[in-house]
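Have a look at the structure below before the remarks.
The values are calculated or read from the model by the stated rules, or taken from the named source; none is laboratory data. Since we're looking at a predicted model, the values are computed, not measured. With ideal geometry, Cβ positions are generated from the backbone for all residues, glycine too; neighbour counts draw on all protein chains shown.
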There are 4 protein chains.
Amino acid sequence: MTDQPRLLSPRRLEAFSDGVFAIAATLLVLDLSVDHLGSISNNDQLWHALGAISESVLSFVISFLLLCMLWMVHTRQFEYVKRVDDPVLWLNSLRLLGVVLIPFTTSVNADFSELLLGRLVLPLNFLWVLLFDWALWRYVTTSPRGLLGDMSDDEVRASSRRALGAVVTGLVVVLLAPFIGSWAFLAFAVVPPLDAAIRGRRRRRR
Amino acid sequence: MTDQPRLLSPRRLEAFSDGVFAIAATLLVLDLSVDHLGSISNNDQLWHALGAISESVLSFVISFLLLCMLWMVHTRQFEYVKRVDDPVLWLNSLRLLGVVLIPFTTSVNADFSELLLGRLVLPLNFLWVLLFDWALWRYVTTSPRGLLGDMSDDEVRASSRRALGAVVTGLVVVLLAPFIGSWAFLAFAVVPPLDAAIRGRRRRRR
Amino acid sequence: MTDQPRLLSPRRLEAFSDGVFAIAATLLVLDLSVDHLGSISNNDQLWHALGAISESVLSFVISFLLLCMLWMVHTRQFEYVKRVDDPVLWLNSLRLLGVVLIPFTTSVNADFSELLLGRLVLPLNFLWVLLFDWALWRYVTTSPRGLLGDMSDDEVRASSRRALGAVVTGLVVVLLAPFIGSWAFLAFAVVPPLDAAIRGRRRRRR
Amino acid sequence: MTDQPRLLSPRRLEAFSDGVFAIAATLLVLDLSVDHLGSISNNDQLWHALGAISESVLSFVISFLLLCMLWMVHTRQFEYVKRVDDPVLWLNSLRLLGVVLIPFTTSVNADFSELLLGRLVLPLNFLWVLLFDWALWRYVTTSPRGLLGDMSDDEVRASSRRALGAVVTGLVVVLLAPFIGSWAFLAFAVVPPLDAAIRGRRRRRR
């Protein structure tokens, strides 16, 4: 009984996670390097060289915005979490493991976008993070230890649905990526409003 | 209605942004590398080698100080923001996208400072950040959701003018850079006191 | 007497440490690089190339999770520390010195895992951190300056035992690593529950 | 008058600075790379290779501990600063400019330690930071805007003396470095207790 460690405030988990997200997002830029531009002696050549790395720039922008989205999901979740125990710390670590890998899978995606495997690596990486987002949220909302702060049942249900919806969207991206490459990530912009529209229509019917 | 997510405290947005600014500022130093110094066996050669990278050092110093300035603008803005919603989070992400790119555009600027395009990349990058600074501030001050803390109308007007003034200065830098290169950034040191002087004279006239 | 500096709140020590842990954990990914994949033109080759770096990926995952574990130990300790003085700051710096080295020792471990010395470097690095974890905790709990917050004698004893247990486990890893390589780190997963089980049985006997 | 911006809390200056210190300290490890070890096929060769980079490791350890020391100075100073204005923000930025350069000057120092200039670069870098430490503290303690929190005159005097003493020690290191290289940094360990001893004797005489 004495050995049971105390519940912790999520404060430092948040600081550690913010750091990891910020660093992963910033390391993405290391893939853009003047060394890749080749030898250049006039404006036309620089223009072409920048054009040649435009695919890398696009990969960078997509991954940066998706990382920001994952960070927002994290921030929203922990707005409600008031205490954390060991399983939360570990689930969060496994989630961050996926976050840290994103700079690597982004460059695989940029370099081998014409290969099936190259197209799948980044979507699978995001799916990993979204799965642990959902698992952590499920654990927190069902734990009997009182980890959750003040939150109505409606809010719990809405946020659980959002977490599961993100996993489904992540799965849709994995399925679409072999056919349309990075465009598949647009699902993250399309699915939530679609879901809201369908849900709104249903509600009006009742 | 239930789906409408709560407003968040800006605490974690600040932590994430501070991290991104700090990392971008520190990554700038990776452009300075002993590998660029070449083979060196005496003091004279080291002195010359350090002289040869003096342009890179200058680029580093300029970008570092400009990043510090952008961070200060961010800090001043969020001193007044008490709550954030999704548009604020996304506008801030787009602003940070520009911040993260600065180490890359700085090295483009250092390596191709004799080319028109090389001179324009860094000023355009800064203009991007300043535009989203202004857009975010505009959104926050006009939103009916009560995002702003205790702030008088005069203070709101003064800070909006400062945000717009920064965009104008950024534009001046873009226009001057083709002619005078990195010296154009001195506009950030010259314009604000000039503006204050003109404003002061006008006020005295009334 | 006047020269004696005040005791400080651990707030900034925590922020600095969180930053160092987050960066060390994220820098691990730099070891995974598309440049190591070689020239690839079809799916099979990419599959093989990713298989060829699977040992690096495993090293990355192990070191990432161990770093997360060290961060959790740090977080748990400072949950109870309410004030810090110079010796605490220095002991923490020496602990972080070990944390910062982990990306380097991880790549030594990944590249030379078939050599005795290659196998020992990473376990010794972890032992260093665990030793300073324990030393810092010992200093804090025995200092007469009142560094510790509200904590029962039972809790102090339990946490001291945990800190010493971690050092012993670290030592076991060092001893096993020459024979079973990275599998030795499984000791961190095996020893604590074993210890708890033995302890539980003893208690029931009384 | 309306244009005069409000005084800010030092909270975000601290977060930004902690980030910069943490990243600079962690980037130091990038200088230690398995790529520098050369081709190795047995234990003896790895042992020799690690021995060959021992000078780099020593440089790393010295710079890491000095960075930790500079961070402690920063932390102690801002323990007393309750509000910051623009000059404080800029003086802090110039101080951080020196901090960010340390990974670069450390590798110059490690690679060219047999040259006079190579020996001077790192001590001059530290002197830069210490000078701005002192300038910032001087500004804060003499500003009429009430930036300082609750602090007795004796405490102000003691801390000003410590800041100036650090500058002097930094100068001693610059003067000694041409003759004894990195050993000169031991001055930071020797001078403060020496100073305390002399001061203590004087006090007893009165």
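Could you check, for the stretch C:35-43, whether at least one of its residues is within 28 Å of the chain's Cα centre (by Cα), more than 7 Å from chain A (Cβ to nearest Cβ) and farther than 15 Å from A:Leu94 by Cα?
Yes, some residue in the stretch C:35-43 is within 28 Å of the chain's Cα centre (by Cα), more than 7 Å from chain A (Cβ to nearest Cβ) and farther than 15 Å from A:Leu94 by Cα.
I'd like the full set of residues that are acidic (Asp, Glu), over 30 Å from A:Asn42 (Cβ atoms) and surrounded by fewer than 21 Cβ atoms within 10 Å (Cβ to Cβ), limited to the stretch B:109-152.
Correct list: B:Asp150 only.
Go through the stretch A:2-32 and give me each residue that's among the hydroxyl-bearing types (Ser, Thr, Tyr), surrounded by 16 or more Cβ atoms within 10 Å (Cβ to Cβ) and more than 7 Å from every other protein chain (Cβ to nearest Cβ).
The one that is among the hydroxyl-bearing types (Ser, Thr, Tyr), surrounded by 16 or more Cβ atoms within 10 Å (Cβ to Cβ) and more than 7 Å from every other protein chain (Cβ to nearest Cβ): A:Ser17.
When the residues of the stretch A:84-131 are filtered to those that are at the interface with another protein chain (Cβ under 9 Å from one of its Cβ atoms) and among the aromatic types (Phe, Trp, Tyr), which remaining residue is nearest to A:Ser17 (Cα to Cα)?
A:Trp90
Every residue, every condition in (1) aliphatic (A, V, I, L, M); (2) in contact with a Phe, Trp or Tyr (Cβ under 9 Å, 6 or more places away or on another chain), yes or no:
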| site | (1), (2) |
| --- | --- |
| A:Asp111 | no, no |
| A:Glu114 | no, no |
| A:Gly118 | no, yes |
| A:Leu122 | yes, yes |
| A:Val168 | yes, no |
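Restricting the search to the stretch A:153-179, which residues are exposed (fewer than 13 other Cβ atoms within 10 Å of the Cβ) and over 21 Å from A:Asp133 (Cβ atoms)?
A:Phe179
Only one of (1) among the β-branched types (Val, Ile, Thr); (2) touching a helix residue (DSSP H, G or I) at 6+ places or on another chain (Cβ under 7 Å); (3) modelled with pLDDT under 90 fails for D:Val57. Which number is that?
Only one criterion is unmet by D:Val57, namely (2).
Do we have B:Asp154 as free of Cβ contacts under 8 Å to residues at least 40 places away in the same chain and assigned to a helix (DSSP H, G or I) here?
In short, yes.
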